[in-house]
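Quick notes on the structure that follows.
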Amino acid sequence: VNEFVTTLEDTGDYSSNTIQAYESDLKRFFTFLKNELERVPVAADITSDRLMNFLNAENNNGLSASTLHRRKISLTQFAQFLSGRGDFSKKELEEVMHWKQELWEEIYQREVLVLSVEETDRLIETISKDQTIKSVRDLSIIQLILETGLSVSEAISINLSDLDLRSNDLNVYNGDATNRYSIRKTAKAMQSYLDEGRPEFTQSLNEEALFISQMGGRISRQGIWQMVKEWGERAGLSVPLSCLLYTSDAA
């Protein structure tokens, strides 16, 4: 697994989050295989049947189509790596690749849930009324995501130096490119966060991150997802929040 992960890192084609997800999926597979064999697995134990047995077990656990598909991709990539080493046959690789191909159709045909304009307003109002240091920070994050459409990974990567509230501009670095966003709608909430929230969270004058966790360092992806989920529940929204989207008429 370590060799496989190093290979992915060396290509430069995979984000750190993707590599971590693949590694996590493989650890789950090897735990499953160890329990099945009642011993530590070796390379010869990795067969298409055992890979698919694991996927079937995950399917029986009620995982979503998107999570199952990611598990399949992780195992398929690993099987391709093993095939290149001569430890896995091309026939077995094809068997894994054909496991539950209908997952793609299920993923793309599912209903996309979005917030209405009224629900978006209620979410912002709920956070604004809280009037705590945490709510000041959370409001700036959520308004920024709503205004710019940034992903969570992009939002947590922002440094203090990327922000210019004099011109209401934000620079976000994505690989070799820099994207500039106008944040006029978020500027007031962001200024409040910089004045009242960030100084309370940060534990170091040298901290570069814009958004700081309650532990004093850069906020994590999990921290933002949990924060968004909690505010959605407090606002009584009809959509369980895992991401923030305007409706088409509000875009």
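The values are calculated or read from the model by the stated rules, or taken from the named source; none is laboratory data. Bear in mind the structure is a predicted one, so any value in this text is a computation, not a measurement. FYI the Cβ positions are ideal-geometry reconstructions off the backbone, even for glycines, and counts take in every protein chain you see. Remember, those area values only see protein heavy atoms, side chains included, never the ligands or the DNA or RNA. Shrake-Rupley method; radii C 1.70, N 1.55, O 1.52, S 1.80 Å.
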Original post:
Among the residues of the stretch 174-193, which ones are farther than 15 Å from Ile145 by Cβ and touching a strand residue (DSSP E or B) at 6+ places or on another chain (Cβ under 8 Å)?
Top reply: Thr178, Arg180
**OP:** Scan the stretch 128-157 for residues that are among the hydroxyl-bearing types (Ser, Thr, Tyr), open to solvent by 20 Å² or more (accessible area, probe 1.4 Å) and assigned to a helix (DSSP H, G or I) and jot them down.
**Re:** Ser128, Thr148, Ser153, Ser157
Original post:
If we scan the stretch 164-172, do we find a residue that is of a type in the set (A, V, I, L, M), touching a strand residue (DSSP E or B) at 6+ places or on another chain (Cβ under 7 Å), modelled with pLDDT under 90 and within 25 Å of Gly12 (Cβ to Cβ)?
Top reply: yes
Original post:
Is it true that some residue in the stretch 24-32 is under 28 Å from Glu102 (Cβ atoms) and among the basic types (Lys, Arg)?
Top reply: yes
Original post:
Any idea which residue in the stretch 221-238 is modelled with the highest pLDDT, counting only those that are more than 22 Å from Lys185 (Cβ to Cβ) and not in a helix (DSSP H, G or I)?
Top reply: Gly236
Subject >> Of all residues in the stretch 43-74 being within 17 Å of Asn2 (Cα to Cα) and touching an Asp or Glu at 6+ places or on another chain (Cβ under 7 Å), the one that is modelled with the lowest pLDDT >> reply: Ala43
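Within the stretch 190-209, is there a residue that is touching a residue at least 60 places away in the same chain (Cβ under 8 Å), not β-branched (Val, Ile, Thr) and not in a helix (DSSP H, G or I)? Write out each step before concluding.
Quick first cut of the stretch 190-209, residues touching a residue at least 60 places away in the same chain (Cβ under 8 Å) only: 196-198, 200-201.
Still in the running and not β-branched (Val, Ile, Thr): 196-198, 200-201.
Add one more test, that the residue is not in a helix (DSSP H, G or I), and what stays is none.
No: zero hits.
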Subject >> Some residue of the stretch 239-248 being farther than 21 Å from Glu125 by Cβ and either modelled with pLDDT of 90 or more or over 20 Å from the mean Cα position of the chain (by Cα) (or both) >> reply: yes
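Go through the stretch 195-233 and report how many residues are surrounded by fewer than 16 Cβ atoms within 10 Å (Cβ to Cβ) and either farther than 28 Å from Ser16 by Cα or out of contact with any Lys or Arg (no Cβ under 9 Å at 6 or more places or on another chain) (or both).
Qualifying residue count for the region: 19.
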Original post:
Inside the stretch 160-184, can you point out the residues that are surrounded by 14 or more Cβ atoms within 10 Å (Cβ to Cβ) and not hydroxyl-bearing (Ser, Thr, Tyr)?
Top reply: Leu160, Asp162, Leu163, Leu165, Asn168, Asp169, Leu170, Asn171, Val172, Ile183
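Quick grid of which residues meet (1) in contact (Cβ under 8 Å) with a residue 24 or more places away in the chain; (2) of a type outside the set (Gly, Ala, Ser):
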{"position": "Tyr14", "(1), (2)": "no, yes"}
{"position": "Ala21", "(1), (2)": "yes, no"}
{"position": "Lys27", "(1), (2)": "yes, yes"}
{"position": "Lys34", "(1), (2)": "no, yes"}
{"position": "Asn59", "(1), (2)": "yes, yes"}
{"position": "Leu68", "(1), (2)": "yes, yes"}
{"position": "Phe81", "(1), (2)": "yes, yes"}
{"position": "Gly84", "(1), (2)": "no, no"}
Original post:
Which of the following residues is modelled with pLDDT under 90, open to solvent by 50 Å² or more (accessible area, probe 1.4 Å) and more than 21 Å from the chain's Cα centre (by Cα): Glu105, Glu125, Glu119?
Top reply: Glu105
